[in-house]
Amino acid sequence: MFMKKSTEIPKSICNQGFTLIEVLIAMSIFAIGILAVGSMQVSAINKYAGARNSTTVVNLAKDRVEELNGLAYDDDLLRVGNHPADYADFTQATDFIDNDENGQIDEAGETGHISIIWNVTETDLAGDGINDSKIVTVTVTRAAGGRPRRASLDFIKANM
């Protein structure tokens, strides 16, 4: 008399799952996302390396500017001309930097991919016909790891 209501879920609804095509599409979307993240990581590492190289070059230039600015006006390292190109005693083994980046500064026979040069010119800033100052341009070049990095800094050394 009384009809019993079925509380069972029909088997046609329970057996529904993901089809192979749906799984393949989901895996494809996931793989594309992972590849995008991977390429971003490679790009970020390359940009970081370039920025680190630029920072190294600028810091070496600033250090050399501070060193030269602390010298006397008539010091041999501040004579008019290009340095160290025409300075016989100055080599990569005596420039106080780690040119080959092996952790040792100025070891015997050191060569490498970092070079520091500076140019000194005398000038008359006061306009009285007497050279009363020197303009020094320090240029550092690092030619390792891809594109060469170069930084040039200028300063004026007054004859006081």
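Counting the residues of the stretch 128-160 that are modelled with pLDDT of 80 or more and not in a strand (DSSP E or B) gives 6. Taken over the stretch 117-127, the criterion of being outside any strand (DSSP E or B) and of a type in the set (Phe, Trp, Tyr) is satisfied by no residue.
The condition of being surrounded by 10 or more Cβ atoms within 10 Å (Cβ to Cβ), of a type in the set (Val, Ile, Thr), in contact with an Asp or Glu (Cβ under 7 Å, 6 or more places away or on another chain) and at pLDDT 85 or above holds for only one of Val58, Val23, Val80, that being Val80. Among the residues of the stretch 119-153, those identified as under 17 Å from Ala72 (Cα atoms), surrounded by 12 or more Cβ atoms within 10 Å (Cβ to Cβ) and of a type outside the set (A, V, I, L, M) are Asn119, Thr121, Glu122, Asn131, Asp132, Ser133, Lys134, Thr137. Take the conditions over 30 Å from Val136 (Cα atoms), out of contact with any Pro (no Cβ under 8 Å at 6 or more places or on another chain), at pLDDT below 85 and of a type in the set (S, T, N, Q) and apply them to Ser12. Does it pass? So Ser12 passes the test.
The values are calculated or read from the model by the stated rules, or taken from the named source; none is laboratory data. Computed from a predicted structure; not experimentally measured. We place every Cβ from the backbone using ideal geometry, glycine too, and count neighbours over all the protein chains shown.
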